[in-house]
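In what follows, a structure is listed as C-alpha coordinates, so that the remarks can point back to it.
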Number of protein chains: 2
Amino acid sequence: MPDNPQSEQPRRRQARGERRVAQLLEAAANVFCTTGYTAASTNAIAREAGVSPGTLYQFFPNKEAIAVELSSKLMHEMRESHGETLALVDPAASVADVIDTTIDRLIDFTCRRPEFFALVHGPDIPGRIAEEHDALHLSMVQRVEELVAAFLPGAPRADVERVAQVCLGVYKSGLELVLAREGAERDAYVREIKDVLIRYLEPLVEQHGSGTPAPATH
Amino acid sequence: MPDNPQSEQPRRRQARGERRVAQLLEAAANVFCTTGYTAASTNAIAREAGVSPGTLYQFFPNKEAIAVELSSKLMHEMRESHGETLALVDPAASVADVIDTTIDRLIDFTCRRPEFFALVHGPDIPGRIAEEHDALHLSMVQRVEELVAAFLPGAPRADVERVAQVCLGVYKSGLELVLAREGAERDAYVREIKDVLIRYLEPLVEQHGSGTPAPATH
DNA sequence: GACAAACACGAGCGGTCGCTCGCATTCTAA
DNA sequence: TTAGAATGCGAGCGACCGCTCGTGTTTGTC
(Lines give C-alpha, C1' and ligand atoms only; values in the text may rest on other atoms or scores of the structure.)
Protein backbone atom coordinates (compact mmCIF):
# COMPACT_ATOMS: atom_id res chain seq x y z
CA MET A 1 0.00 0.00 0.00
CA PRO A 2 2.30 2.73 -1.25
CA ASP A 3 -0.27 5.49 -1.43
CA ASN A 4 -3.56 6.48 0.07
CA PRO A 5 -6.65 5.47 -1.90
CA GLN A 6 -8.42 8.58 -3.13
CA SER A 7 -6.76 11.71 -1.86
CA GLU A 8 -3.76 12.65 -3.97
CA GLN A 9 -0.76 14.78 -3.27
CA PRO A 10 -1.57 18.20 -1.86
CA ARG A 11 -1.59 19.76 -5.30
CA ARG A 12 -1.97 23.38 -4.40
CA ARG A 13 -4.03 25.29 -6.87
CA GLN A 14 -3.83 28.99 -7.43
CA ALA A 15 -6.81 31.21 -8.08
CA ARG A 16 -5.82 31.26 -11.73
CA GLY A 17 -6.00 27.49 -11.79
CA GLU A 18 -9.47 27.42 -10.29
CA ARG A 19 -10.60 29.84 -12.93
CA ARG A 20 -9.10 27.70 -15.66
CA VAL A 21 -10.86 24.62 -14.39
CA ALA A 22 -14.20 26.38 -14.36
CA GLN A 23 -13.49 27.79 -17.81
CA LEU A 24 -12.58 24.34 -19.14
CA LEU A 25 -15.65 22.72 -17.62
CA GLU A 26 -17.90 25.32 -19.16
CA ALA A 27 -16.22 24.87 -22.53
CA ALA A 28 -16.56 21.12 -22.15
CA ALA A 29 -20.25 21.48 -21.38
CA ASN A 30 -20.72 23.40 -24.61
CA VAL A 31 -18.72 21.01 -26.76
CA PHE A 32 -20.21 17.86 -25.25
CA CYS A 33 -23.65 19.39 -25.65
CA THR A 34 -23.28 20.08 -29.32
CA THR A 35 -21.22 17.12 -30.49
CA GLY A 36 -21.64 14.38 -27.88
CA TYR A 37 -18.90 12.79 -25.84
CA THR A 38 -17.03 10.67 -28.38
CA ALA A 39 -17.05 13.22 -31.17
CA ALA A 40 -15.87 15.98 -28.87
CA SER A 41 -12.11 16.35 -29.11
CA THR A 42 -10.02 17.54 -26.22
CA ASN A 43 -8.30 19.94 -28.58
CA ALA A 44 -11.70 21.40 -29.41
CA ILE A 45 -12.49 21.81 -25.73
CA ALA A 46 -9.17 23.54 -25.16
CA ARG A 47 -9.77 25.79 -28.18
CA GLU A 48 -13.28 26.62 -26.95
CA ALA A 49 -11.79 27.56 -23.58
CA GLY A 50 -9.09 29.61 -25.30
CA VAL A 51 -6.18 27.55 -23.98
CA SER A 52 -3.74 25.03 -25.39
CA PRO A 53 -4.17 21.25 -25.18
CA GLY A 54 -1.26 21.11 -22.77
CA THR A 55 -3.00 23.48 -20.39
CA LEU A 56 -6.09 21.33 -20.42
CA TYR A 57 -4.03 18.34 -19.36
CA GLN A 58 -2.55 20.39 -16.55
CA PHE A 59 -5.90 20.11 -14.81
CA PHE A 60 -7.42 16.89 -16.06
CA PRO A 61 -5.63 13.56 -16.40
CA ASN A 62 -7.65 12.56 -19.46
CA LYS A 63 -10.75 13.17 -21.50
CA GLU A 64 -12.98 10.97 -19.40
CA ALA A 65 -12.07 12.88 -16.25
CA ILE A 66 -13.44 16.05 -17.79
CA ALA A 67 -16.78 14.44 -18.52
CA VAL A 68 -16.86 12.75 -15.13
CA GLU A 69 -16.19 15.93 -13.23
CA LEU A 70 -18.68 17.87 -15.29
CA SER A 71 -21.41 15.30 -14.99
CA SER A 72 -20.88 14.61 -11.33
CA LYS A 73 -21.16 18.32 -10.68
CA LEU A 74 -24.41 18.47 -12.63
CA MET A 75 -25.74 15.33 -11.02
CA HIS A 76 -24.94 16.54 -7.56
CA GLU A 77 -26.80 19.73 -8.30
CA MET A 78 -29.72 17.78 -9.71
CA ARG A 79 -29.80 15.31 -6.84
CA GLU A 80 -29.99 18.18 -4.37
CA SER A 81 -32.60 20.10 -6.28
CA HIS A 82 -34.82 17.18 -7.18
CA GLY A 83 -34.34 15.50 -3.84
CA GLU A 84 -35.45 18.62 -2.09
CA THR A 85 -38.36 19.00 -4.44
CA LEU A 86 -39.56 15.46 -3.82
CA ALA A 87 -38.86 15.61 -0.09
CA LEU A 88 -40.92 18.66 0.74
CA VAL A 89 -44.06 17.28 -0.81
CA ASP A 90 -47.03 17.73 1.47
CA PRO A 91 -48.21 14.19 2.14
CA ALA A 92 -51.67 15.37 3.02
CA ALA A 93 -52.22 17.11 -0.31
CA SER A 94 -54.24 15.64 -3.14
CA VAL A 95 -52.58 13.78 -5.99
CA ALA A 96 -53.41 16.60 -8.36
CA ASP A 97 -51.75 19.18 -6.15
CA VAL A 98 -48.66 17.08 -5.59
CA ILE A 99 -48.21 16.44 -9.30
CA ASP A 100 -48.85 20.06 -10.13
CA THR A 101 -46.24 21.58 -7.87
CA THR A 102 -43.70 18.78 -8.24
CA ILE A 103 -43.70 18.74 -12.03
CA ASP A 104 -43.40 22.52 -12.10
CA ARG A 105 -40.33 22.41 -9.88
CA LEU A 106 -38.64 19.57 -11.72
CA ILE A 107 -39.19 21.10 -15.12
CA ASP A 108 -38.06 24.49 -13.92
CA PHE A 109 -34.73 23.07 -12.87
CA THR A 110 -34.13 21.18 -16.08
CA CYS A 111 -34.99 24.17 -18.21
CA ARG A 112 -32.29 26.07 -16.42
CA ARG A 113 -29.66 23.35 -16.90
CA PRO A 114 -30.02 22.06 -20.43
CA GLU A 115 -26.45 20.73 -20.52
CA PHE A 116 -27.34 17.98 -18.12
CA PHE A 117 -30.10 16.56 -20.22
CA ALA A 118 -27.95 16.71 -23.34
CA LEU A 119 -24.84 15.21 -21.80
CA VAL A 120 -26.37 12.31 -19.95
CA HIS A 121 -28.50 11.02 -22.80
CA GLY A 122 -25.69 10.02 -25.12
CA PRO A 123 -25.09 6.30 -25.64
CA ASP A 124 -21.35 6.80 -25.95
CA ILE A 125 -20.67 8.14 -22.49
CA PRO A 126 -17.96 6.44 -20.45
CA GLY A 127 -19.00 3.80 -17.96
CA ARG A 128 -18.29 5.91 -14.91
CA ILE A 129 -20.88 8.47 -15.91
CA ALA A 130 -23.44 5.85 -16.82
CA GLU A 131 -23.01 4.33 -13.38
CA GLU A 132 -23.38 7.67 -11.66
CA HIS A 133 -26.45 8.42 -13.71
CA ASP A 134 -27.95 5.05 -12.92
CA ALA A 135 -27.38 5.75 -9.26
CA LEU A 136 -29.04 9.13 -9.61
CA HIS A 137 -31.97 7.60 -11.44
CA LEU A 138 -32.26 4.90 -8.81
CA SER A 139 -32.36 7.42 -6.00
CA MET A 140 -35.09 9.32 -7.80
CA VAL A 141 -37.06 6.14 -8.32
CA GLN A 142 -36.77 5.43 -4.63
CA ARG A 143 -38.02 8.84 -3.67
CA VAL A 144 -40.92 8.53 -6.05
CA GLU A 145 -41.58 5.08 -4.66
CA GLU A 146 -41.84 6.56 -1.18
CA LEU A 147 -44.34 9.08 -2.48
CA VAL A 148 -46.33 6.43 -4.28
CA ALA A 149 -46.25 4.17 -1.25
CA ALA A 150 -47.65 6.99 0.85
CA PHE A 151 -50.56 7.29 -1.56
CA LEU A 152 -51.06 3.56 -1.90
CA PRO A 153 -50.62 2.19 1.61
CA GLY A 154 -50.25 -1.54 1.71
CA ALA A 155 -49.73 -2.02 -2.00
CA PRO A 156 -47.23 -4.75 -2.97
CA ARG A 157 -43.67 -3.56 -3.45
CA ALA A 158 -43.58 -4.67 -7.05
CA ASP A 159 -46.65 -2.60 -7.83
CA VAL A 160 -45.26 0.46 -6.12
CA GLU A 161 -41.99 0.16 -7.99
CA ARG A 162 -43.73 -0.26 -11.30
CA VAL A 163 -45.95 2.75 -10.73
CA ALA A 164 -42.91 4.83 -9.78
CA GLN A 165 -40.98 3.72 -12.87
CA VAL A 166 -43.91 4.51 -15.12
CA CYS A 167 -44.35 7.95 -13.55
CA LEU A 168 -40.71 8.78 -14.05
CA GLY A 169 -40.81 7.48 -17.61
CA VAL A 170 -43.84 9.58 -18.43
CA TYR A 171 -42.18 12.57 -16.84
CA LYS A 172 -39.00 12.09 -18.85
CA SER A 173 -40.75 11.70 -22.17
CA GLY A 174 -42.86 14.73 -21.33
CA LEU A 175 -39.70 16.63 -20.49
CA GLU A 176 -38.37 15.97 -23.96
CA LEU A 177 -41.55 17.29 -25.55
CA VAL A 178 -41.57 20.30 -23.24
CA LEU A 179 -37.95 21.22 -23.87
CA ALA A 180 -38.58 21.23 -27.62
CA ARG A 181 -41.29 23.89 -27.23
CA GLU A 182 -41.43 27.44 -26.00
CA GLY A 183 -43.82 29.92 -24.52
CA ALA A 184 -47.52 29.11 -24.53
CA GLU A 185 -47.03 25.86 -26.38
CA ARG A 186 -44.57 24.70 -23.75
CA ASP A 187 -47.05 25.55 -21.00
CA ALA A 188 -49.74 23.57 -22.78
CA TYR A 189 -47.47 20.55 -22.91
CA VAL A 190 -46.62 20.89 -19.24
CA ARG A 191 -50.32 20.97 -18.45
CA GLU A 192 -50.81 17.89 -20.62
CA ILE A 193 -48.20 15.73 -18.99
CA LYS A 194 -49.51 16.70 -15.58
CA ASP A 195 -52.93 15.52 -16.72
CA VAL A 196 -51.47 12.25 -17.92
CA LEU A 197 -49.95 11.59 -14.51
CA ILE A 198 -52.93 12.75 -12.51
CA ARG A 199 -55.39 10.67 -14.48
CA TYR A 200 -53.06 7.72 -14.21
CA LEU A 201 -52.60 8.00 -10.46
CA GLU A 202 -55.99 9.13 -9.21
CA PRO A 203 -57.85 5.88 -9.94
CA LEU A 204 -55.07 3.97 -8.20
CA VAL A 205 -55.38 6.13 -5.11
CA GLU A 206 -59.15 5.96 -5.00
CA GLN A 207 -59.04 2.23 -5.35
CA HIS A 208 -56.70 2.07 -2.41
CA GLY A 209 -58.39 4.60 -0.18
CA SER A 210 -61.41 2.37 0.41
CA GLY A 211 -59.22 -0.33 1.84
CA THR A 212 -59.39 -2.43 -1.31
CA PRO A 213 -56.06 -4.20 -1.88
CA ALA A 214 -53.90 -4.26 -4.97
CA PRO A 215 -55.32 -3.00 -8.26
CA ALA A 216 -57.26 -5.65 -10.09
CA THR A 217 -54.96 -5.75 -13.05
CA HIS A 218 -53.94 -8.99 -14.69
CA MET B 1 -35.26 -6.05 -55.33
CA PRO B 2 -33.39 -6.78 -58.54
CA ASP B 3 -32.90 -3.22 -59.73
CA ASN B 4 -32.93 0.35 -58.58
CA PRO B 5 -35.32 2.73 -60.27
CA GLN B 6 -32.91 5.66 -60.53
CA SER B 7 -29.97 3.32 -60.75
CA GLU B 8 -26.41 4.26 -61.64
CA GLN B 9 -23.98 2.22 -63.66
CA PRO B 10 -25.28 -1.26 -64.38
CA ARG B 11 -23.14 -2.83 -61.69
CA ARG B 12 -24.13 -6.44 -62.05
CA ARG B 13 -24.06 -8.30 -58.78
CA GLN B 14 -23.57 -11.99 -58.40
CA ALA B 15 -25.34 -14.15 -55.83
CA ARG B 16 -22.16 -14.14 -53.77
CA GLY B 17 -22.27 -10.35 -53.69
CA GLU B 18 -25.84 -10.28 -52.48
CA ARG B 19 -24.92 -12.64 -49.72
CA ARG B 20 -21.97 -10.49 -48.75
CA VAL B 21 -24.15 -7.38 -48.57
CA ALA B 22 -26.64 -9.10 -46.32
CA GLN B 23 -23.80 -10.45 -44.20
CA LEU B 24 -22.24 -7.00 -43.90
CA LEU B 25 -25.53 -5.36 -43.00
CA GLU B 26 -26.14 -7.89 -40.29
CA ALA B 27 -22.64 -7.41 -38.92
CA ALA B 28 -23.14 -3.66 -39.06
CA ALA B 29 -26.39 -3.98 -37.13
CA ASN B 30 -24.56 -5.84 -34.39
CA VAL B 31 -21.64 -3.45 -34.21
CA PHE B 32 -23.76 -0.29 -34.38
CA CYS B 33 -26.03 -1.78 -31.75
CA THR B 34 -23.27 -2.41 -29.27
CA THR B 35 -20.97 0.55 -29.84
CA GLY B 36 -23.03 3.24 -31.53
CA TYR B 37 -22.38 4.76 -34.93
CA THR B 38 -19.28 6.89 -34.37
CA ALA B 39 -17.41 4.39 -32.23
CA ALA B 40 -18.12 1.59 -34.68
CA SER B 41 -15.18 1.15 -37.05
CA THR B 42 -15.60 -0.12 -40.58
CA ASN B 43 -12.73 -2.50 -39.90
CA ALA B 44 -14.67 -3.90 -36.97
CA ILE B 45 -17.74 -4.37 -39.15
CA ALA B 46 -15.68 -6.15 -41.78
CA ARG B 47 -14.08 -8.32 -39.12
CA GLU B 48 -17.48 -9.14 -37.62
CA ALA B 49 -18.65 -10.16 -41.07
CA GLY B 50 -15.51 -12.22 -41.60
CA VAL B 51 -14.24 -10.25 -44.59
CA SER B 52 -11.47 -7.75 -45.26
CA PRO B 53 -11.95 -3.97 -45.19
CA GLY B 54 -11.41 -3.91 -48.94
CA THR B 55 -14.30 -6.28 -49.49
CA LEU B 56 -16.58 -4.08 -47.43
CA TYR B 57 -15.76 -1.14 -49.66
CA GLN B 58 -16.55 -3.26 -52.70
CA PHE B 59 -20.20 -2.93 -51.73
CA PHE B 60 -20.49 0.34 -49.82
CA PRO B 61 -18.94 3.66 -50.85
CA ASN B 62 -18.37 4.73 -47.24
CA LYS B 63 -19.30 4.18 -43.63
CA GLU B 64 -22.36 6.41 -43.72
CA ALA B 65 -23.80 4.43 -46.61
CA ILE B 66 -23.78 1.31 -44.49
CA ALA B 67 -25.75 2.97 -41.72
CA VAL B 68 -28.11 4.63 -44.19
CA GLU B 69 -28.89 1.41 -46.00
CA LEU B 70 -29.34 -0.46 -42.76
CA SER B 71 -31.54 2.14 -41.18
CA SER B 72 -33.63 2.79 -44.25
CA LYS B 73 -34.28 -0.91 -44.47
CA LEU B 74 -35.35 -1.02 -40.83
CA MET B 75 -37.42 2.13 -41.14
CA HIS B 76 -39.17 0.88 -44.23
CA GLU B 77 -40.06 -2.27 -42.38
CA MET B 78 -41.26 -0.30 -39.41
CA ARG B 79 -43.23 2.16 -41.48
CA GLU B 80 -45.05 -0.72 -43.15
CA SER B 81 -45.68 -2.61 -39.95
CA HIS B 82 -46.72 0.34 -37.82
CA GLY B 83 -48.60 2.01 -40.64
CA GLU B 84 -50.61 -1.12 -41.16
CA THR B 85 -51.18 -1.46 -37.44
CA LEU B 86 -52.49 2.07 -37.12
CA ALA B 87 -54.46 1.91 -40.36
CA LEU B 88 -56.55 -1.15 -39.56
CA VAL B 89 -57.82 0.24 -36.30
CA ASP B 90 -61.54 -0.29 -35.96
CA PRO B 91 -62.93 3.26 -35.76
CA ALA B 92 -66.06 2.05 -34.01
CA ALA B 93 -64.19 0.41 -31.16
CA SER B 94 -63.77 1.94 -27.72
CA VAL B 95 -60.66 3.82 -26.72
CA ALA B 96 -59.67 1.00 -24.42
CA ASP B 97 -59.93 -1.59 -27.15
CA VAL B 98 -58.03 0.51 -29.66
CA ILE B 99 -55.20 1.14 -27.23
CA ASP B 100 -55.11 -2.46 -26.17
CA THR B 101 -54.71 -4.00 -29.61
CA THR B 102 -52.59 -1.20 -31.04
CA ILE B 103 -50.02 -1.18 -28.25
CA ASP B 104 -49.75 -4.94 -28.38
CA ARG B 105 -48.98 -4.86 -32.09
CA LEU B 106 -46.48 -2.01 -31.89
CA ILE B 107 -44.60 -3.54 -28.99
CA ASP B 108 -44.58 -6.94 -30.62
CA PHE B 109 -42.85 -5.54 -33.65
CA THR B 110 -40.23 -3.64 -31.70
CA CYS B 111 -39.44 -6.62 -29.50
CA ARG B 112 -38.67 -8.55 -32.62
CA ARG B 113 -36.39 -5.85 -34.07
CA PRO B 114 -34.28 -4.51 -31.23
CA GLU B 115 -31.58 -3.24 -33.59
CA PHE B 116 -33.82 -0.48 -34.80
CA PHE B 117 -34.45 0.98 -31.40
CA ALA B 118 -30.77 0.84 -30.53
CA LEU B 119 -29.50 2.29 -33.79
CA VAL B 120 -31.85 5.18 -34.17
CA HIS B 121 -31.51 6.54 -30.64
CA GLY B 122 -27.86 7.55 -30.86
CA PRO B 123 -27.12 11.28 -30.97
CA ASP B 124 -24.13 10.75 -33.24
CA ILE B 125 -25.95 9.32 -36.22
CA PRO B 126 -25.31 11.00 -39.58
CA GLY B 127 -27.75 13.64 -40.72
CA ARG B 128 -29.30 11.52 -43.43
CA ILE B 129 -30.54 8.97 -40.93
CA ALA B 130 -31.80 11.59 -38.52
CA GLU B 131 -33.82 13.10 -41.36
CA GLU B 132 -35.26 9.77 -42.35
CA HIS B 133 -36.13 9.05 -38.75
CA ASP B 134 -37.76 12.42 -38.32
CA ALA B 135 -39.82 11.72 -41.41
CA LEU B 136 -40.81 8.35 -40.00
CA HIS B 137 -41.74 9.90 -36.68
CA LEU B 138 -43.72 12.59 -38.42
CA SER B 139 -45.69 10.08 -40.42
CA MET B 140 -46.49 8.20 -37.23
CA VAL B 141 -47.58 11.39 -35.53
CA GLN B 142 -49.85 12.08 -38.44
CA ARG B 143 -51.44 8.68 -38.31
CA VAL B 144 -51.98 9.01 -34.57
CA GLU B 145 -53.40 12.45 -35.18
CA GLU B 146 -55.93 10.96 -37.55
CA LEU B 147 -56.90 8.48 -34.91
CA VAL B 148 -57.16 11.13 -32.23
CA ALA B 149 -59.14 13.39 -34.51
CA ALA B 150 -61.61 10.58 -35.11
CA PHE B 151 -62.12 10.28 -31.37
CA LEU B 152 -62.26 14.03 -30.77
CA PRO B 153 -64.32 15.38 -33.66
CA GLY B 154 -64.13 19.12 -33.95
CA ALA B 155 -61.19 19.58 -31.62
CA PRO B 156 -58.70 22.31 -32.58
CA ARG B 157 -55.78 21.09 -34.68
CA ALA B 158 -53.26 22.22 -32.08
CA ASP B 159 -54.99 20.15 -29.41
CA VAL B 160 -55.12 17.09 -31.62
CA GLU B 161 -51.44 17.39 -32.44
CA ARG B 162 -50.49 17.82 -28.82
CA VAL B 163 -52.50 14.82 -27.74
CA ALA B 164 -50.91 12.74 -30.48
CA GLN B 165 -47.42 13.83 -29.50
CA VAL B 166 -48.06 13.06 -25.87
CA CYS B 167 -49.45 9.63 -26.72
CA LEU B 168 -46.42 8.79 -28.81
CA GLY B 169 -44.10 10.09 -26.11
CA VAL B 170 -45.78 7.99 -23.46
CA TYR B 171 -45.63 5.00 -25.74
CA LYS B 172 -41.94 5.46 -26.40
CA SER B 173 -41.00 5.85 -22.78
CA GLY B 174 -43.12 2.83 -21.97
CA LEU B 175 -41.36 0.93 -24.72
CA GLU B 176 -38.03 1.58 -23.07
CA LEU B 177 -39.30 0.27 -19.74
CA VAL B 178 -40.89 -2.73 -21.42
CA LEU B 179 -37.78 -3.66 -23.40
CA ALA B 180 -35.74 -3.67 -20.20
CA ARG B 181 -38.02 -6.33 -18.66
CA GLU B 182 -38.92 -9.88 -19.48
CA GLY B 183 -41.69 -12.36 -18.94
CA ALA B 184 -44.40 -11.55 -16.46
CA GLU B 185 -42.82 -8.29 -15.43
CA ARG B 186 -42.77 -7.14 -19.04
CA ASP B 187 -46.44 -7.98 -19.38
CA ALA B 188 -47.25 -6.01 -16.26
CA TYR B 189 -45.49 -2.96 -17.68
CA VAL B 190 -47.33 -3.31 -20.97
CA ARG B 191 -50.59 -3.38 -19.06
CA GLU B 192 -49.48 -0.32 -17.13
CA ILE B 193 -48.65 1.85 -20.09
CA LYS B 194 -51.93 0.87 -21.72
CA ASP B 195 -53.67 2.07 -18.57
CA VAL B 196 -51.79 5.35 -18.69
CA LEU B 197 -52.95 5.99 -22.22
CA ILE B 198 -56.51 4.83 -21.68
CA ARG B 199 -57.00 6.93 -18.57
CA TYR B 200 -55.45 9.88 -20.35
CA LEU B 201 -57.62 9.60 -23.43
CA GLU B 202 -60.98 8.49 -22.08
CA PRO B 203 -61.83 11.75 -20.28
CA LEU B 204 -60.93 13.66 -23.43
CA VAL B 205 -63.29 11.56 -25.49
CA GLU B 206 -66.13 11.82 -23.04
CA GLN B 207 -65.62 15.53 -22.73
CA HIS B 208 -66.08 15.89 -26.47
CA GLY B 209 -69.68 14.78 -26.53
CA SER B 210 -71.10 11.45 -27.56
CA GLY B 211 -69.35 8.38 -26.28
CA THR B 212 -69.54 6.91 -29.74
CA PRO B 213 -66.79 8.43 -31.87
CA ALA B 214 -67.09 9.35 -35.50
CA PRO B 215 -69.48 6.73 -36.84
CA ALA B 216 -68.74 5.25 -40.24
CA THR B 217 -69.53 8.33 -42.29
CA HIS B 218 -72.72 7.82 -44.30
C1' DG C 1 -9.83 -23.01 -72.27
C1' DA C 2 -10.04 -17.86 -72.80
C1' DC C 3 -11.46 -13.60 -71.19
C1' DA C 4 -13.70 -10.05 -68.53
C1' DA C 5 -16.18 -8.84 -64.73
C1' DA C 6 -17.20 -9.42 -59.98
C1' DC C 7 -15.26 -10.61 -55.70
C1' DA C 8 -11.64 -10.82 -52.09
C1' DC C 9 -7.55 -9.56 -49.82
C1' DG C 10 -4.63 -6.74 -46.58
C1' DA C 11 -0.74 -3.55 -46.31
C1' DG C 12 -0.73 0.98 -45.97
C1' DC C 13 -1.94 6.22 -46.94
C1' DG C 14 -3.47 10.46 -45.16
C1' DG C 15 -5.69 12.26 -41.35
C1' DT C 16 -7.43 13.00 -36.62
C1' DC C 17 -7.42 11.78 -32.03
C1' DG C 18 -5.93 11.66 -27.09
C1' DC C 19 -2.23 12.89 -24.90
C1' DT C 20 3.06 14.08 -23.84
C1' DC C 21 7.04 16.71 -23.11
C1' DG C 22 10.37 20.22 -23.07
C1' DC C 23 10.46 24.66 -22.11
C1' DA C 24 8.70 29.59 -21.11
C1' DT C 25 6.10 32.41 -17.99
C1' DT C 26 3.71 33.81 -13.70
C1' DC C 27 2.74 33.40 -9.01
C1' DT C 28 3.81 32.52 -3.97
C1' DA C 29 6.34 32.11 0.09
C1' DA C 30 10.33 33.04 2.75
C1' DT D 1 15.10 38.81 -4.25
C1' DT D 2 14.73 34.48 -5.51
C1' DA D 3 13.88 29.45 -5.54
C1' DG D 4 10.49 26.53 -6.92
C1' DA D 5 5.78 25.41 -7.67
C1' DA D 6 1.90 26.30 -10.59
C1' DT D 7 0.48 27.62 -14.95
C1' DG D 8 0.87 27.93 -19.96
C1' DC D 9 2.31 26.71 -24.61
C1' DG D 10 2.21 23.92 -29.02
C1' DA D 11 4.78 20.75 -31.95
C1' DG D 12 4.46 16.24 -32.32
C1' DC D 13 4.13 11.01 -30.90
C1' DG D 14 1.78 6.76 -31.32
C1' DA D 15 -2.56 4.71 -32.19
C1' DC D 16 -6.39 4.20 -34.71
C1' DC D 17 -9.66 5.73 -38.14
C1' DG D 18 -11.96 5.65 -42.87
C1' DC D 19 -10.68 4.33 -46.97
C1' DT D 20 -7.52 2.99 -51.32
C1' DC D 21 -5.09 0.22 -54.43
C1' DG D 22 -2.39 -3.29 -56.48
C1' DT D 23 -2.91 -7.87 -56.84
C1' DG D 24 -4.84 -12.39 -56.83
C1' DT D 25 -9.11 -15.55 -57.05
C1' DT D 26 -13.74 -16.98 -58.40
C1' DT D 27 -17.58 -16.83 -61.57
C1' DG D 28 -20.31 -16.34 -65.80
C1' DT D 29 -20.13 -16.49 -70.90
C1' DC D 30 -18.44 -17.76 -75.22
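The values are calculated or read from the model by the stated rules, or taken from the named source; none is laboratory data. Note that this is a predicted model, so its numbers are computed, not measured. Here the Cβ positions follow ideal geometry from the backbone for every residue, glycine too, while neighbour counts run over all protein chains shown. Note: accessible area is taken over every heavy atom of the protein model, side chains too, but ligands, DNA and RNA are not part of it. Shrake-Rupley method; radii C 1.70, N 1.55, O 1.52, S 1.80 Å.
Seen from all directions on average, chain A presents a Cα convex hull projection of 16.3 nm².
Using a probe of 1.4 angstrom and keeping all protein chains present, the accessible surface of the stretch B:14-60 works out to 53 square angstrom per residue. Each copy carries a label point for A:Leu88 at 7 Å from Cα toward Cβ; from one copy, the others' points are 5.5 nm away, ordered from shortest. Roughly how many percent of the accessible protein surface of the protein assembly as shown is carbon and sulfur, given a 1.4 Å probe and a whole-percent answer? Ligands and nucleic acids excluded, carbon and sulfur give 51 percent.
In chain A, the calculated helix contribution to ellipticity at 222 nm averages -25000 deg cm²/dmol per residue, counting -39,500 (n - 2.57) for every DSSP H run with n ≥ 4.
Taking every alpha-carbon pair in the stretch A:13-60 and binning the separations at 5 Å intervals from zero gives 5, 25, 33, 23, 9, 4, 1 percent.
The relative contact order of the stretch B:141-189 comes to 29 percent, based on Cα pairs under 8 Å that sit 6 or more residues apart.
Would you mind classifying the stretch A:130-213 by shape? Square roots of the alpha carbon gyration tensor eigenvalues, ordered a ≥ b ≥ c; an a/c under 1.5 is rounded, otherwise it is prolate if a/b is larger than b/c and oblate if not. Judged from the Cα gyration tensor, the stretch A:130-213 comes out oblate (a/c at least 1.5, b/c at or above a/b). If you take the square roots of the eigenvalues of the alpha-carbon gyration tensor of the protein assembly as shown and sort them as a ≥ b ≥ c, do you get rounded (a/c under 1.5), prolate (a/b over b/c) or oblate? Oblate.
Could you give the distance between the Cα centres of the stretch A:135-179 and the stretch B:90-127, to the whole Å? A separation of 23 Å, based on Cα centres. Karplus-derived 3J(HN,Hα) values for the stretch B:108-115, using 6.51 cos²θ - 1.76 cosθ + 1.60 with θ = phi - 60°, are 3, 4, 5, 4, 8, 10, x, 4 Hz; glycine and proline are entered as x.
Cross-link partners of B:Lys172 among lysines, defined as those whose alpha carbon lies under 25 angstrom from its own and excluding same-chain residues fewer than eight positions apart: A:Lys172, A:Lys194, B:Lys73, B:Lys194. The same position A:Glu18 in the other copies lies at 7.0 nm from this copy, comparing label points 7 Å beyond Cα toward the beta-carbon, shortest first. Remark: the stretch A:68-209 carries 46 Å² of accessible area per residue (probe radius 1.4 Å; ligands, DNA and RNA excluded). Inter-copy label distances for A:Glu176: 0.6 nm (label point placed 7 Å from Cα along Cα→Cβ; shortest first). B plus A alone minus the pair: what accessible area, both sides summed, probe 1.4 Å, in Å² to 100? Buried: approximately 2300 Å² between A and B. The 3J(HN,Hα) values that the Karplus relation (6.51, -1.76, 1.60; θ = phi - 60°) gives for the stretch A:95-107 are, in residue order, 4, 4, 5, 4, 4, 4, 6, 5, 4, 4, 5, 4, 5 Hz. Gly and Pro appear as x.
Peptide B:165-175 is shielded by partner chain Cβ atoms: per residue, an average of 6 of them sit within 10 Å of its Cβ. Peptide A:193-201 is shielded by partner chain Cβ atoms: per residue, an average of 5 of them sit within 10 Å of its Cβ.
The heavy atoms of B:Phe59 present about 50 square angstrom of accessible area, all protein chains included, probe 1.4 Å.
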